[in-house]
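Read the structure below first, then the notes.
The values are calculated or read from the model by the stated rules, or taken from the named source; none is laboratory data. On a predicted model such as this, the values are computed, not experimentally measured, just so you know. Positions of Cβ are generated from backbone atoms using ideal geometry, with glycine treated the same way; all protein chains shown enter the neighbour counts. Surface accessibility is based on the protein's heavy atoms, side chains included, excluding ligands, DNA and RNA. Shrake-Rupley method; radii C 1.70, N 1.55, O 1.52, S 1.80 Å.
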Amino acid sequence: MVSSINDEVKNKLLSLYPGITIYDEKVPQKFKTPSFFISIYDQDYEKKLNTKYGSTISYDISYFPNEEYNKNNEMYLVQENLLREFRDLGTFRALNIKANITDDVLHIMFDVKYSEALIIDGIKMNNLDTNTKIKEV
């Protein structure tokens with residue numbers, strides 16, 4: 001599931017900034033600028049009912065501005081654009097989006113929540129019809 005979310009994050013960045021390099025494994029010593037670096041800094045994973053699980057992944061997208069231009073102005077423009085456009089990530093949604101600039105690097109941080117049901121012996125959980133017309137006494 002994490003690789004699917006990573007692909008959606010990359011696709012969104014590529015659609016917004018098609019000519020900018022995106023790193024996701026590590027940033028090489030002599031990397032190109034401007035560029036993005038996608039990293040996961042936190043994930044929780046919890047068991048729900050039966051074979052259902054839920055997870056929240058916390059992302060940090062670092063933006064390294066072009067060295068030749070006005071860095072702050074460039075970072076403010078990218079920040080504004082990403083905060084506006086980075087809600088929908090294909091089939092996923094970015095939550096709790098925030099931004100900050102530290103040491104001439106723009107950081108866009110957000111969470112992605114997802115649920116999954118594991119398949120056991122070829123049997124997948126089906127939807128269950130419930131009665132919601134219960135009267136409280």
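Here the accessible area of the chain is 47 percent carbon and sulfur, with a 1.4 angstrom probe and all protein chains present.
For region 1-79, a Kirkwood radius taken over Cα pairs fed into Stokes-Einstein (10 °C, viscosity 1.306 mPa s) yields D = 110 µm²/s. Report which label in (1) 11.1; (2) 16.1; (3) 12.6 holds the value of mean projected area of the Cα convex hull in nm² derived from the coordinates of this structure. Given (1) 11.1; (2) 16.1; (3) 12.6, the calculated one carries the label (3). Using the alpha-carbon atoms, what tilt in degrees (0 to 90, nearest 10) does helix 71-85 show relative to the longest principal axis of the chain? Helix 71-85 and the main axis of the chain meet at about 20 degrees. Remark: the chain carries 70 Å² of accessible area per residue (probe radius 1.4 Å; ligands, DNA and RNA excluded).
Summary: within the chain, the longest segment free of chymotrypsin sites (Phe, Trp or Tyr not before Pro) located in DSSP loops with at most 15 other C-beta atoms within 10 Å is 70-137. Mean residue ellipticity at 222 nm, helices only, the chain: -7000 deg cm²/dmol; runs of at least 4 DSSP H residues each add -39,500 (n - 2.57), and the sum is divided by the number of residues. Near Asn6: Cβ cut-off under 12 Å, other residues only, Lys/Arg at +1 and Asp/Glu at -1. The net charge is -2. Looking only at trypsin sites (Lys or Arg not before Pro) in DSSP loops with at most 15 other Cβ atoms within 10 Å, what is the longest site-free stretch of the chain? Between exposed loop sites, the widest span is 49-86. When only alpha carbons are used to place a centre, region 95-112 and region 1-39 end up 14 Å from one another. Using C-alpha pairs below 8 Å separated by at least 6 residues, the relative contact order for the chain is 21 percent.
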